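The structure appears right after this line, and notes come after that.
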Amino acid sequence: MVIVFALVALAVLALVAGLHWYVWRRLVRDTTRPRGAARRAGTVLFVAAPVLMIAALVAERSGAPFWLQRALAWPGFLWMALALYLLLATLATEPVRVWAGRRARRATREAVFAGLDGVRTPPAERAAGEGFATPAKSVRAEQAPASPAEPSVRADAASAAPREPSAGADGTSPAEGPQATALAASALSRRVFVSRVAGGTAAAVALGTTGWGTYGVLRGPRVKRLTVPLAKLPRSAHGFRIAVVSDIHLGPVLGRDFARTVVDTINSTQPDMIAVVGDLVDGSVKNLGPAAAPLAGLESRLGTYFVTGNHEYFSGAAQWLDEVRTLGMRPLENARTELPYFDLAGVNDLQGESEGHGPDFRKALGDRDPARACVLMAHQPVQVHEAVRYDVDLQLSGHTHGGQLWPGNLIAKAANPTVAGLDRYGDTQLYVSRGAGAWGPPTRVWAPSDITVIELASREA
């Protein structure tokens, strides 16, 4: 098992190194002078940045000192997002580079042929080919054997005619050698110019995309509102509002100020109930307890409920379950509570199976009254298949981040039945939040963070 893990790690490192080498080659080597300051600076960046990125990941997962995690997280995780968009933008400019390379090679060949023609083609024939008047004598006649009387005539003509300049040491004539060199230099200059324009465009697009996505996260989640009808919901519960928040991911990057922003945003919606659907933190209670403290200020009429996500089991789930209780939340560990209008249930995340605390749908839902509407909190959307078996009316999930960094939504779609939004599976509706925070890079691209206020609707109303 250890050998397999080591081989996979080496393969991933080799892939990361190869992709960085490709981007360095296009953005640094092809656009700078050898041994110049720009090339040295670019090379240092493309070596140091991926090392910081890997170090940030290792530090977070290994429980390194929190000050070290914070020092590595910002540059390391931001490079993760920037490197992705540098790669995509560089690939997008590749057709232009290929076109420019072909043009440059064609121009170089033309320059070489021009130099060769200057050596092999007599001046009279070059003049004829260029449209100047030439003697009417044919080449074949010139090459015919001379008559006995001709040598003296030719010798006189040769002594009287101006001499053609001799070829240089490189085989080209003095007139044509500089011309060929100039053409080749022009082709090379054109190729470098195109590489610089393409590289500059790719870098600008990547920096702009990463900056825009990071601003979107640090600004805080936006409120999304959605009406969901439930067949079994009584008329008296029509308009009941649930604030759904998932994937806050408090950690080395997103801390106390971000938690306060989330709390203020939720409280501004004045919900009847708050559902925190996992992945609250990335770190221990010791390190992140102060960052999570503002969550004690969450306000709603019927309280705040919590279920674990996979990252809680990377961060000490037992301690965090105790901590959220001190913050005024009620954890639903494979449990159910009967609210005035419907049953609210929660199951542990699938990652809990590694600690013997995985999801138990039978314990949470097995003995409930099927005539009552049921809302289930489950971190991962894939758990909806079990929810269908237990006649759940609505499942609230997160986990996917909506892909977080495009085209991550395509990967998320391959692993989850629903990536974001409302969907239906049999008689069970599934709502997947994109989450309030971000894991790894504090950046989202085409997957904006959200806090969703779901307003339940009774069909009797």
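The values are calculated or read from the model by the stated rules, or taken from the named source; none is laboratory data. Worth saying up front: this structure is predicted, and the values here are computed from it rather than measured. For neighbour counting, all protein chains shown are included, and Cβ atoms are generated from backbone atoms with ideal geometry for every residue, glycine included.
Look at the range 251-286 and say how many of its residues are part of a helix (DSSP H, G or I) and more than 28 Å from the chain's Cα centre (by Cα).
Initial filter on the range 251-286 (part of a helix (DSSP H, G or I)): 256-268, 285-286.
Remaining after also requiring more than 28 Å from the chain's Cα centre (by Cα): 263-264, 266-268, 285-286.
Residues that pass the stated criteria total 7.
Out of Ala275, Ala293, Ala318, report the one residue that is at pLDDT 95 or above and crowded, with 18+ Cβ neighbours inside 10 Å. Reasoning before the result, please.
Working: Ala293 fails: crowded, with 18+ Cβ neighbours inside 10 Å; Ala318 fails: crowded, with 18+ Cβ neighbours inside 10 Å.
Going through Ala275, Ala293, Ala318 in turn, just one is at pLDDT 95 or above and crowded, with 18+ Cβ neighbours inside 10 Å: Ala275.
Search the range 3-32 for residues being surrounded by 12 or more Cβ atoms within 10 Å (Cβ to Cβ) and among the β-branched types (Val, Ile, Thr), and hand back the single one that is nearest to Thr43 (Cα to Cα).
Val28
Against the definition (assigned by TED's automatic domain parsing to the domain that holds Asn267, touching a residue at least 40 places away in the same chain (Cβ under 8 Å) and assigned to a helix (DSSP H, G or I)), how does Tyr313 come out, yes or no? Please lay out each step first, then the result.
Details: assigned by TED's automatic domain parsing to the domain that holds Asn267: yes; touching a residue at least 40 places away in the same chain (Cβ under 8 Å): yes; assigned to a helix (DSSP H, G or I): yes.
So Tyr313 passes the test.
Do we have Val98 as under 30 Å from Gly18 (Cβ atoms), in the same structural domain as Arg26 (by TED's automatic domain parsing) and at pLDDT 95 or above here?
Working: under 30 Å from Gly18 (Cβ atoms): yes; in the same structural domain as Arg26 (by TED's automatic domain parsing): yes; at pLDDT 95 or above: no.
Answer is no for this residue.
Which condition number does Ala345 fail, the rest of (1) over 32 Å from the mean Cα position of the chain (by Cα); (2) in a loop (DSSP other than H, G, I, E, B) being met?
It fails just one condition, (2).
Taking the stated definitions as given, is Gln351 over 17 Å from Ala231 (Cβ atoms), of a type in the set (S, T, N, Q) and in contact with a Phe, Trp or Tyr (Cβ under 6 Å, 6 or more places away or on another chain)? Break it down stepwise before answering.
Numbers: over 17 Å from Ala231 (Cβ atoms): yes; of a type in the set (S, T, N, Q): yes; in contact with a Phe, Trp or Tyr (Cβ under 6 Å, 6 or more places away or on another chain): yes.
Yes, satisfied.
Could you tell me whether Gly358 is assigned to a helix (DSSP H, G or I), at pLDDT 95 or above and within 24 Å of Ala414 (Cβ to Cβ)?
On the way: assigned to a helix (DSSP H, G or I): no; at pLDDT 95 or above: yes; within 24 Å of Ala414 (Cβ to Cβ): yes.
In short, no.
Looking only at the range 394-408, count how many residues are of a type outside the set (Ser, Thr, Tyr) and either in contact with a His (Cβ under 9 Å, 6 or more places away or on another chain) or within 19 Å of Ala275 (Cβ to Cβ) (or both). Write out each step before concluding.
Within the range 394-408, the first condition is being of a type outside the set (Ser, Thr, Tyr), and the residues that meet it are 394-396, 398-399, 401-408.
With either in contact with a His (Cβ under 9 Å, 6 or more places away or on another chain) or within 19 Å of Ala275 (Cβ to Cβ) (or both) added as a condition, the list becomes 394-396, 398-399, 401-402, 408.
Residues meeting the conditions: 8.
Could you list, in sequence order, all residues of the range 209-250 that are assigned to a helix (DSSP H, G or I) and surrounded by fewer than 18 Cβ atoms within 10 Å (Cβ to Cβ)? Steps first, answer last, please.
Taking the range 209-250 and keeping what is assigned to a helix (DSSP H, G or I), we get 209-219, 235-237.
If the condition is that a residue be assigned to a helix (DSSP H, G or I) and surrounded by fewer than 18 Cβ atoms within 10 Å (Cβ to Cβ), then Gly211, Trp212, Tyr215, Leu218, Arg219, Arg235, Ser236 are the ones that fit.
State all residues of the range 421-446 that are among the small types (Gly, Ala, Ser) and surrounded by fewer than 24 Cβ atoms within 10 Å (Cβ to Cβ); if no residue qualifies, say none. Please lay out each step first, then the result.
Here is the first cut: in the range 421-446, the residues among the small types (Gly, Ala, Ser) are 421, 426, 433, 435-438, 440.
Matches in the range 421-446: Gly421, Gly426, Gly440.
Only residues that are at pLDDT 95 or above and in contact with a Gly (Cβ under 9 Å, 6 or more places away or on another chain): list them for the range 30-49, please.
Listed by number, the list holds a single entry, Ala49.
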